[in-house]
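Student: My questions will all concern the structure given below.
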Amino acid sequence: MAGHAHGQHARPPAALLDALRATSADIASTIAAAIAPHVSHPPPVTDPQLTPLGRGILHMLFTLAEAAKEAGPESGGDDGKEVAEAAEAIVCGLDALEARALRLECLVGRALALIDLASDRLHAYPYKDVPVCWRRLYGDASLLCGVYKLALLHTNYNICQIRTAGTATRTSLDGSKVGGRSTASMDWDDVDVVRTLDMGLIMSGAPGPSRREMVETLLEQTHKICKALMPSPTIENRPHNSLKRRLDDHDDDYGEALKVTATQQQLPPTLSGPFPKHETPVIKHPLKTFENPPSFTQFTASISSPFIIKNLNPHWPALTNRPWSSLPYLLSQTNDGKRLVPVEVGKHYIDADWGQRIIPFSQFLTEHIINPSTAPNTASGTGYLAQHDLFSQIPALRGDISIPDYCYAEDEDSEDESHEKSTVEYPLLNAWFGPAGTISPLHTDPYQNILCQVVGRKYVRLYDPAKFSAHMHPRGVEDGGVDMSNTAGVEVDWVEQDKPPQQQPTQEPDDDHDEHVNFTTRRKMYEKFKEAGYLEGILEPGDGLYIPVGWWHYIRSLDVSFSVSFWWK
C-alpha cells in the first residue's frame, strides 16, 4: 500500500493529529459549556432549546462531553523514528492501547444510545414539527460520537502499527508472536466517522451555535490525514471498511452500502461520457428567451411570466476550472465519495414505488449515474439527489457557484400576499443531480425561482396558474396528513407522450367498482388537461430559467444533469 516506508506502516502526520485533537477538545468543551447550567444546583438561566430534554438526558450528554475533552487522538510525536526501532516500548504499550480502545468503544455505545433516542423522537413527528431539543440532541450526540470514533480509529491504527512492528522484529518473551486486537485497522478508514457526522447534519439540520462548522472541521481534518496516508481511491477501488466491531450493528445496511466496488472499471472522466440520453422533444410553444443576460430593468419588467436566460452563468467555476461534469472533481470534494447524500428513488415523488435512501455519494454515482441498472429493489432504478441543501452540507461546492443578482429583485407592482409566510431573507439554494429521466412532476412553489443548469440538459414545461389551475386538479391532504395541494393530480405524460390514463386491473372483484370510478375520474381530468395552454423549453449548461411564484412547472432531465435552484421571495 502506498504510504508505507521500508515495509513499515505510515504514521499520521503529527501536526494533523495535533489539530484534530485540539478540534475534538474544543467541540467537547463547547457542548459541555452549553449543558453545564442545566445540570448544576440550582440551575441558572438555561438554553430553551435544551431544557425540554430533561435533567436525566442532559446529564448523560454532559458526561459524554466532559469525557470527550480528553478523548482526542494521542500525540502523533515528531521524532521521525520508525515504529520498529522502539519495538520493546511498543510491545509494552499494547495493553494500554487496547484498554483505551475498549473505553472508547463504551463511550461510542453511549453516544449511539442518545442518537437512537433522538432518532425515535425525530420520526414521531413530521419533520417541520420536531421540537428543536430533539434535533439538538441528535446533532450534539453525533458530534461527540464522531469525536470518539476518530479517537478509536487512531487507537486501532496504532495497535495495528504495534502488531506490524512487533511481528516484523521480534517475538514476545514466551516465544509467541506479538498479537493484538483482531479489529485493529491497517487503514485510516474513516467511512464510519464520516457517516456519523453526516447523519448528524442531515437528520438534525445542525441546530446550535457553530455546529455545522464543527462538523465540517472534523471532516476536513480526518480527510487530510486520510490523504496523507493513502492514495485517493476511485469509485471502483475504494478499500472496504476493515474495522469491523459490534458497533457496526447499529446501522444494518451501511456495510452493504459500501459494497460498491464489485468491478474494477475505469472511473469515467466526465458526466458527458457514454451515459443514456433521452430524446430531445420538439418545442411547439417556446418560452421567451434572452440570448444574453438582460439588464436589471428588463428582468423586473418581465417577471410576470417565465423565461430562459442564455449564458447566465458561464463564468461559474462549476462550469470552468472546477467543473461539476468531472467525476474525479466531485469525488475530491466529497471526501473521496464518502459523504452521505439523501436520494429519491423511483419515477417521482408521487409514484407508488417512490422511496428515499441516505447513501454515500460514491454509491449514488455508481448505482444511479454510472451503472443505473445496479440499483437494488426498485421498480425504477432512477435515483435523484433532489431539492437538497448540498451547499451548506458541503461548503466546498458552494464556492463553485454564485447567486444571480436577479435574486435580489423585487416586484414592486405585486399585491399577492398569499405567500407572505414563505418570505426568506436570503435565496435558498438546492441541488438537483441525477441521470437522464429524472422528473419533477407538475407542481408549484411558494417562491420566485431561478433554476440554473450546470451539467446536461432539462426539458421544462410551465402553465399559467391564473388561467389553468383548474385544469391541474391539485391534490389535497393525503395519507399521513401530508399536504400535497401544490402538486397536480394530472400527469404531463398523458398529453406530451399521448398516454391517457388506463383502467388498472384489480385483485378482488369488490375493487372493480372503485377502480371504474377512479378511471372515469382520471379520464375526465385528462380531457380537461388537454385543453390547457403551456410554455416549454430546453435548458442547457450555462442557462437559467426564471419561474414566477405559483406557476405550475414540470421538469425532466434529458441527460445526466446537475442543476441549482435559487428560491427567494
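Student: Within the range 114-131, is there a residue that is open to solvent by 50 Å² or more (accessible area, probe 1.4 Å), of a type in the set (A, V, I, L, M, F, W, C) and out of contact with any Cys (no Cβ under 8 Å at 6 or more places or on another chain)?
Tutor: Within the range 114-131, the subset open to solvent by 50 Å² or more (accessible area, probe 1.4 Å) is 116-117, 120-121, 123-129.
From the residues that got through so far, the ones that are of a type in the set (A, V, I, L, M, F, W, C) too are 117, 124.
If we keep only those that are out of contact with any Cys (no Cβ under 8 Å at 6 or more places or on another chain) as well, we get 117, 124.
Within the range 114-131, one or more residues are open to solvent by 50 Å² or more (accessible area, probe 1.4 Å), of a type in the set (A, V, I, L, M, F, W, C) and out of contact with any Cys (no Cβ under 8 Å at 6 or more places or on another chain).
Student: Would you point out the residue of the range 529-569, among those that are basic (Lys, Arg) and over 24 Å from the mean Cα position of the chain (by Cα), that is nearest to Lys458 (Cα to Cα)?
Tutor: So in the range 529-569, the residues basic (Lys, Arg) come out as 530, 556, 569.
Next cut, over 24 Å from the mean Cα position of the chain (by Cα) only: 530, 569.
On the way: Lys530: 22, Lys569: 24 Å.
The extreme case among them is Lys530.
Student: If you scan the range 347-367, which residues turn out to be closer than 30 Å to Ser485 by Cα and open to solvent by 10 Å² or more (accessible area, probe 1.4 Å)?
Tutor: Going residue by residue through the range 347-367, those that are closer than 30 Å to Ser485 by Cα are 347-359.
Lys347, His348, Tyr349, Ile350, Asp351, Ala352, Asp353, Trp354, Gly355, Gln356, Arg357, Ile358, listed by residue number.
Student: Is one or more of the residues making up the range 343-351 under 27 Å from Leu197 (Cβ atoms), touching a residue at least 60 places away in the same chain (Cβ under 8 Å) and of a type in the set (A, V, I, L, M, F, W, C)? Before you say what the answer is, go through the steps one by one.
Tutor: If we filter the range 343-351 for residues that are under 27 Å from Leu197 (Cβ atoms), which is where we start, we get 343-345.
The next check asks that each one be touching a residue at least 60 places away in the same chain (Cβ under 8 Å); those that pass are none.
No, there is no match, as no residue in the range 343-351 is under 27 Å from Leu197 (Cβ atoms), touching a residue at least 60 places away in the same chain (Cβ under 8 Å) and of a type in the set (A, V, I, L, M, F, W, C).
Student: (1) crowded, with 21+ Cβ neighbours inside 10 Å; (2) modelled with pLDDT under 90; (3) in contact with a strand residue (DSSP E or B) (Cβ under 8 Å, 6 or more places away or on another chain): which one isn't true of Asp198, the others all being true?
Tutor: Asp198 satisfies every listed condition except (2).
Student: I want to confirm something. Restricting to the range 457-483 and keeping residues that are in a loop (DSSP other than H, G, I, E, B) and modelled with pLDDT of 95 or more, which single residue is nearest to Trp432 (Cα to Cα)?
Tutor: Here is the first cut: in the range 457-483, the residues in a loop (DSSP other than H, G, I, E, B) are 457, 464, 473, 475-476.
Subset that is modelled with pLDDT of 95 or more: 457, 464.
Numbers: Arg457: 12, Asp464: 24 Å.
Only one residue fits best here, namely Arg457.
Student: For Leu340, state whether it is open to solvent by less than 40 Å² (accessible area, probe 1.4 Å) and in contact (Cβ under 8 Å) with a residue 12 or more places away in the chain. Even if it seems obvious, please write down each step before you answer.
Tutor: On the way: open to solvent by less than 40 Å² (accessible area, probe 1.4 Å): yes; in contact (Cβ under 8 Å) with a residue 12 or more places away in the chain: yes.
Spelling it out, Leu340 is indeed open to solvent by less than 40 Å² (accessible area, probe 1.4 Å) and in contact (Cβ under 8 Å) with a residue 12 or more places away in the chain.
Student: Where in the range 301-361 are there strands (runs of 3 or more DSSP E), lying fully within it, with 3 or more residues that are over 13 Å from the mean Cα position of the chain (by Cα) and modelled with pLDDT of 95 or more?
Tutor: Values: elements: 307-309, 340-345, 355-360.
In the range 301-361, 307-309 are the strands (runs of 3 or more DSSP E) which contain 3 or more residues that are over 13 Å from the mean Cα position of the chain (by Cα) and modelled with pLDDT of 95 or more.
Student: Select from the range 24-33 the residues that are within 9 Å of Val147 (Cα to Cα) and either among the polar types (S, T, N, Q) or free of Cβ contacts under 8 Å to residues at least 12 places away in the same chain (or both) and list them in ascending order.
Tutor: Of everything in the range 24-33, just one residue is within 9 Å of Val147 (Cα to Cα) and either among the polar types (S, T, N, Q) or free of Cβ contacts under 8 Å to residues at least 12 places away in the same chain (or both), namely Ser24.
Student: Hey, does the range 315-325 have a residue that's touching a residue at least 40 places away in the same chain (Cβ under 8 Å), under 19 Å from Ser402 (Cα atoms) and among the hydroxyl-bearing types (Ser, Thr, Tyr)?
Tutor: Yes, because at least one residue in the range 315-325 is touching a residue at least 40 places away in the same chain (Cβ under 8 Å), under 19 Å from Ser402 (Cα atoms) and among the hydroxyl-bearing types (Ser, Thr, Tyr).
Student: Something else now. Restricting attention to the range 288-318, which residues are open to solvent by 30 Å² or more (accessible area, probe 1.4 Å) and in contact with a Gly (Cβ under 6 Å, 6 or more places away or on another chain)?
Tutor: Hits for the range 288-318 are Asn311, Pro314.
The values are calculated or read from the model by the stated rules, or taken from the named source; none is laboratory data. Computed from a prediction, not measured in an experiment: that's the story for all the values here. All Cβ positions, glycine included, derive from the backbone under ideal geometry; neighbour counts span all protein chains shown. When the accessible area is computed, the model is the full protein with side chains, heavy atoms only, and any ligands, DNA or RNA have been set aside. Shrake-Rupley method; radii C 1.70, N 1.55, O 1.52, S 1.80 Å.
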